[in-house]
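Enquirer: Here it is, the structure, as structure tokens.
Please treat every number below as a calculation from the coordinates, not as lab data. None of the values given here were measured: they were computed from a predicted structure. Note: ideal-geometry Cβ built from the backbone for every residue, glycine included; neighbour counts use all protein chains shown.
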Amino acid sequence: MINGIKKLAKNLTLSELRSGMKITAKEFVNTKITVQYPEEKTPISPRFRGLHALRRYPNGEERCIACKLCEAVCPANAITIESEMRDDGTRRTTQYDIDLFKCIFCGFCEEACPVDAIVETQIFEYAFESRDGSIMTKERLLKVGDDNEQVIGKIKAQDAKYR
Amino acid sequence: MMELWQSFVLGVNELMPWFDGNVAAIVIILIKAFALIMPLLLTVAYFTYAERKVIGYMQLRIGPNRVGPKGWLQPIADALKLMTKEIIFPSRANIYLFLLAPILAIAPAIAVWAVIPFDEGIYVTNLDVSLLYVLAIGSIGVYGIILAGWASNSKYPLLGALRSASLLVSYEIVIGFALVTVVMIAGSVNLNTIVADQQGGMLNWYFIPLFPMMVIFFISALVETNRAPFDVVEGESEIVGGTHVEYSGMTFAVFFLAEYANMILMAVLAVVMFFGGWHSPFEGLGVLESAFAWVPGIVWLLAKSTFFMFLYLWVRATFPRFRYDQIMRLSWKVFLPMTIVWIFVVALMTQLHIGPWFA
């Protein structure tokens with residue numbers, strides 16, 4: 001009986017509706033958490049697995065020795081490598097293609113690489129406008145590496161002690 | 001030029017003999033209608049912007065801010081988009097009824113504004129039965145929705161139309177009874193008289209003796225305008241879009257306009273009925289009254305209705321949708337008995353001359 005009256009009074013005074021509206025009113029004046037994407041960006045972890053790059057040694061020599069470990073480990077068969085002996089007797093790639101349509105960005109190629117040649121960068125804005133843009137050729141991979149060597153070196157050094 | 005004018009006058013006399021050659025009266029009416037409809041449609045446009053902003057803020061977002069400075073041109077971009085879109089007619093739908101439906105929805109939504117008193121002596125027309133006019137014309141709007149559901153020749157619109165019809169039947173009664181109490185106090189169904197009767201400070205406004213009726217009126221207004229949390233007519237997650245499913249482009253935009261015009265109307269009506277219309281809240285407070293004496297009454301009316309319009313958005317941002325049978329139960333088992341009881345209470349208070357309201 002008493003409980004019934006209490007419940008009735010609670011319903012008639014719309015107490016639950018009012019407490020709900022109090023919450024929305026509080027959030028109304030709260031600081032907003034929206035990130036205005038093209039102008040603002042959220043921080044990216046050093047382990048972020050974005051677009052691939054092929055790195056070089058500081059003297060300009062490309063790191064990749066065409067061991068094909070990345071090709072072997074790639075679960076999506078996205079990597080195609082052809083190699084030959086260069087004039088100085090070292091083994092080098094003539095073709096190093098990554099098909100971005102196949103790639104699942106697992107990062108196994110980076111882990112398999114014995115010379116830290118293939119890496120995944122923090123770049124994630126790499127839209128292309130035709131279907132053949134999906135093939136990252138050796139030239140394009142090297143260019144990504146050359147353009148971002150500073151950043152790549154820094155993030156790989158940050159993450160090195162956890163590997 | 002002169003001949004053209006004369007033929008216009010003759011034509012007007014032919015069509016509307018009761019004007020008795022008084023073309024100036026017609027021109028004045030047209031100007032009044034224009035002065036009413038233009039700001040109304042502009043308010044509707046920016047009300048949609050305000051809705052997106054307010055709801056966004058309540059959900060910790062910031063809402064539209066890309067089109068123009070701070071997104072102020074967003075409603076204009078929306079309108080342009082809707083205007084340039086194709087109007088698709090469902091195959092085997094009745095095109096005439098299909099096109100008549102949005103017109104039937106918007107025409108009453110705008111026509112009702114003719115009797116709203118914005119300030120002392122500022123109205124399009126002063127009907128003696130303006131409250132009845134509001135209720136009568138206001139309920140015609142639902143024909144637009146029912147017709148839209150029927151003419152679309154599609155299952156979800158039909159379901160929406162059925163829901164809309166039953167909601168109207170239930171809640172028109174509640175609104176009617178709630179407003180009867182106002183009429184009992186004011187002793188008039190003329191909106192001008194009702195507002196004039198609330199003169200003399202905030203204590204004389206009707207929301208004090210009629211507070212439960214005010215709450216019921218507001219909630220019923222939410223139902224009547226198909227707003228969240230009672231938007232079962234559209235019921236996005238249940239019946240896709242209800243009566244709007246088959247409508248695209250400008251036909252959809254007209255429904256949209258009608259809905260928002262109705263919302264603003266209900267907000268203004270709540271102020272007129274319960275919150276003293278154009279009267280300043282500082283009346284009878286000595287210094288404050290003279291300090292705010294320069295503010296025209298229409299500003300007070302609009303400021304008070306803005307609060308109610310905000311309340312619409314606030315409610316929408318807060319509550320989940322009611323189930324259909326819950327809405328029905330609310331009307332028949334809760335609101336209707338409450339209003340009827342309150343009518344008797346008001347009658348008793350009138351007989352006993354309680355407070356400043358029942359003098």
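Enquirer: Over all distinct Cα pairs, what is the inverse of the mean 1/r for segment B:1-108, reported as the Kirkwood hydrodynamic radius in Å? Each step should come with its number before you reach the end.
Expert: Working: mean 1/r = 0.0546 Å⁻¹.
Result for segment B:1-108 stands at 18.3 Å.
Enquirer: Using Cα-Cα distances under 8 Å and only pairs 6 or more residues apart, what relative contact order does chain B have, in percent?
Expert: Working: 497 pairs, mean separation 74.5, N = 359.
Reported as a whole number, the value is 21 percent.
Enquirer: Just to check, using Stokes-Einstein with a Kirkwood Rh over alpha carbon pairs, what's the diffusion coefficient of segment A:1-132 at 20 °C and 1.002 mPa s in µm²/s?
Expert: Values: Rh = 20.1 Å.
Once the numbers are plugged in, D ends up at 107 µm²/s.
Enquirer: Once you have the Kirkwood Rh of segment B:297-359 from its Cα pairs, apply Stokes-Einstein at 10 °C and 1.306 mPa s and quote D in µm²/s. Mind showing how you got there, number by number?
Expert: Values: Rh = 15.2 Å.
The diffusion coefficient I find is 105 µm²/s.
Enquirer: Could you pull the Rg and Dmax for segment B:202-245, using just the Cα atoms, both in Å?
Expert: Over segment B:202-245's Cα set, Rg and Dmax evaluate to 15.2, 47 Å.
Enquirer: List the lysines whose Cα sits under 26 Å from the Cα of residue B:81, skipping any in the same chain fewer than 8 residues away.
Expert: Correct list for residue B:81: B:53, B:70.
Enquirer: To continue, here is another question. When you take every Cα atom in segment B:123-198, what is the radius of gyration, and what is Dmax, the widest Cα pair distance, in Å?
Expert: Cα-based Rg and Dmax for segment B:123-198 come out at 16.1, 49 Å.
Enquirer: Hey, another quick one. Counting other Cβ atoms within 10 Å of each Cβ, which GluC sites (Glu not before Pro) in segment A:103-163 have at most 14 and sit in a DSSP loop?
Expert: On the way: sites: A:110, A:111, A:120, A:125, A:129, A:139, A:149; in loops: A:125, A:129.
Here the GluC sites (Glu not before Pro) that fit, given the DSSP loop and packing criteria, are A:125, A:129.
Enquirer: While we're looking at this one, here's another question. Using 20 Å bins from zero, what percent of all Cα-Cα pairs in chain B falls into each bin?
Expert: Each 20 Å bin holds this share of Cα pairs: 26, 56, 18, 0.
Enquirer: Can you tell me the order of B:261-268, A:83-90, B:161-168 when each peptide is scored by its average per-residue count of other Cβ atoms within 10 angstrom, highest first? Don't jump to the answer; show the numbers that get you there.
Expert: On the way: B:261-268: 23.9, A:83-90: 9.5, B:161-168: 20.6.
Sorting B:261-268, A:83-90, B:161-168 by mean packing, highest first, produces B:261-268, B:161-168, A:83-90.
Enquirer: Follow-up. If every alpha-carbon in segment B:155-257 counts as one equal scatterer, what log10 I(q)/I(0) does Debye give at q = 0.13, 0.23 1/Å?
Expert: Rounded to two decimals, the profile gives -0.61, -1.13.
Enquirer: Given Cα positions, please report Rg to Rh for segment B:52-167, the hydrodynamic radius being the Kirkwood one.
Expert: Details: Rg = 18.9 Å, Rh = 17.5 Å.
Over the Cα atoms of segment B:52-167, Rg/Rh equals 1.08.
Enquirer: Right, here's the next one. Tell me, in nm to one decimal, what length is gained between residue B:352 and residue B:91 on full extension, where the rule is 0.36 nm per residue of separation less the Cα-Cα distance? Present the calculation step by step, with values, prior to reporting the outcome.
Expert: On the way: separation 261, 0.36 × 261 = 93.96 nm, distance 6.38 nm.
Going from the current span to full extension adds 87.6 nm.
Enquirer: Ranking request for peptides B:26-36, B:122-132: highest mean number of other beta-carbon atoms within 10 Å first, then the rest in descending order. Provide the component values of the computation, followed by the final result.
Expert: Details: B:26-36: 12.5, B:122-132: 16.7.
Ranked by mean Cβ neighbours within 10 Å, highest first: B:122-132, B:26-36.
Enquirer: Please compute, for peptide B:315-321, the average count of beta-carbon atoms on other protein chains lying within 10 Å of each residue's beta-carbon. Walk me through the intermediate numbers first.
Expert: Numbers: counts 4, 1, 6, 10, 4, 1, 0.
Per residue, the number of nearby Cβ atoms from other chains is 4 on average.
Enquirer: Let me ask something else about it. Mind checking the alpha-carbon convex hull of segment B:91-219 and giving the volume per residue in Å³? Show your work: numbers first, answer last.
Expert: Details: hull volume 13.5 nm³, N = 129.
For segment B:91-219, the hull spanned by Cα atoms encloses 105 Å³ per residue.
Enquirer: Right, something else. Using only the Cα atoms of segment A:3-50, construct the convex hull and provide its projected area averaged over every direction, in square nanometres to one decimal. Don't skip to the answer; put the middle values down first.
Expert: Working: hull surface 28.2 nm².
Approximately 7.1 nm², given one-decimal rounding.
Enquirer: I'd like to know which of B:217, B:232, B:106 lies farthest towards the positive end of the charge dipole of chain B, counting +1 on Cβ of Lys and Arg and -1 on Cβ of Asp and Glu.
Expert: Looking along the dipole axis, the top candidate is B:232.
Enquirer: Let me ask another. Quick one: length gained pulling residue A:102 to residue A:48 fully straight, 0.36 nm per residue minus the C-alpha distance? Working shown, then result.
Expert: On the way: separation 54, 0.36 × 54 = 19.44 nm, distance 1.85 nm.
Once the chain is fully extended between residue A:102 and residue A:48, it gains 17.6 nm.
Enquirer: Counting only C-alpha contacts under 8 Å and six or more residues apart, can you give the relative contact order of segment A:64-148 as a whole percent? Write down the numbers at each step before the final one.
Expert: On the way: 106 pairs, mean separation 23.9, N = 85.
Taking the mean separation of contacting Cα pairs over the length of segment A:64-148, I get 28 percent.
Enquirer: Beyond 26 Å between alpha-carbons counts as too far, so tell me which of A:10/A:32; A:102/A:161; A:41/A:143; A:68/A:102; A:26/B:333; A:6/B:304 fall in that bin.
Expert: Details: A:10/A:32 33 Å; A:102/A:161 30 Å; A:41/A:143 24 Å; A:68/A:102 17 Å; A:26/B:333 33 Å; A:6/B:304 33 Å.
From the list (A:10/A:32; A:102/A:161; A:41/A:143; A:68/A:102; A:26/B:333; A:6/B:304), the Cα-Cα distance tops 26 Å for A:10/A:32; A:102/A:161; A:26/B:333; A:6/B:304.
Enquirer: Once you measure Cβ to Cβ distances between cysteines in chain A, which Cys have no partner under 4.7 Å?
Expert: Unpaired cysteines in chain A: A:64, A:67, A:74, A:103, A:106, A:113.
Enquirer: When every alpha-carbon pair in segment A:81-129 is counted, what percent end up more than 17 Å apart? Could the numbers behind the result be given before it?
Expert: Working: 604 of 1176 pairs.
Counting every Cα pair in segment A:81-129, those more than 17 Å apart make up 51 percent.
Enquirer: Counting only helical runs of four or more DSSP H residues, what would the 222 nm mean residue ellipticity of the protein assembly as shown come to if each run contributes -39,500 (n - 2.57) and the total is spread over all its residues?
Expert: Working: 20 runs with 291 residues, N = 522.
Calculated mean residue ellipticity at 222 nm is -18000 deg cm²/dmol.
Enquirer: With 10 Å bins from zero, work out the P(r) of the protein assembly as shown over every alpha carbon pair and list the percent per bin.
Expert: Cα pair-distance distribution for the protein assembly as shown, in percent: 3, 14, 19, 18, 13, 10, 9, 8, 5, 2, 0, 0.
Enquirer: For segment B:200-349, what is the relative contact order in percent, using Cα pairs closer than 8 Å and at least 6 residues apart in sequence? All intermediate terms of the calculation are to be shown ahead of the outcome.
Expert: Numbers: 125 pairs, mean separation 47.8, N = 150.
With pairs under 8 Å counted, the relative contact order is 32 percent.
Enquirer: Next question, about the same structure. Throw me the Rg/Rh for segment B:41-80, computed over C-alpha atoms with Kirkwood Rh, two decimals.
Expert: Details: Rg = 9.8 Å, Rh = 10.1 Å.
Dividing the radius of gyration by the Kirkwood radius yields 0.97.
Enquirer: Continuing with the same structure: According to a simple spin-label model (label point 7 Å from Cα along Cα-to-Cβ), what is the distance in nm between residue B:70 and residue A:84?
Expert: Placing both labels 7 Å beyond Cα along the Cβ direction yields 6.7 nm.
Enquirer: Now for a separate question. To check my understanding: the extent here is largest minus smallest coordinate of the Cα atoms along each principal axis. What are those three numbers for segment B:46-110, in Å, largest first?
Expert: Computed over segment B:46-110, the largest-to-smallest principal extents equal 44, 25, 21 Å.
Enquirer: Moving to a separate point now. Give me the number: length gained by fully extending residue B:334 to residue B:193, i.e. 0.36 nm times residue separation minus the C-alpha to C-alpha distance, one decimal in nm.
Expert: Numbers: separation 141, 0.36 × 141 = 50.76 nm, distance 3.05 nm.
Using 0.36 nm per residue and subtracting the Cα-Cα distance, I get 47.7 nm.
Enquirer: For a bin width of 5 Å, list the pair-distance distribution of segment B:235-353 built from all Cα-Cα distances, rounded to whole %.
Expert: 2, 8, 10, 12, 16, 16, 13, 10, 6, 4, 2, 0
Enquirer: Counting each pair of different Cα atoms once, what's the Kirkwood radius of segment B:104-162 in Å, rounded to one decimal? Numbers along the way, then the final one.
Expert: Working: mean 1/r = 0.0783 Å⁻¹.
It works out to 12.8 Å.
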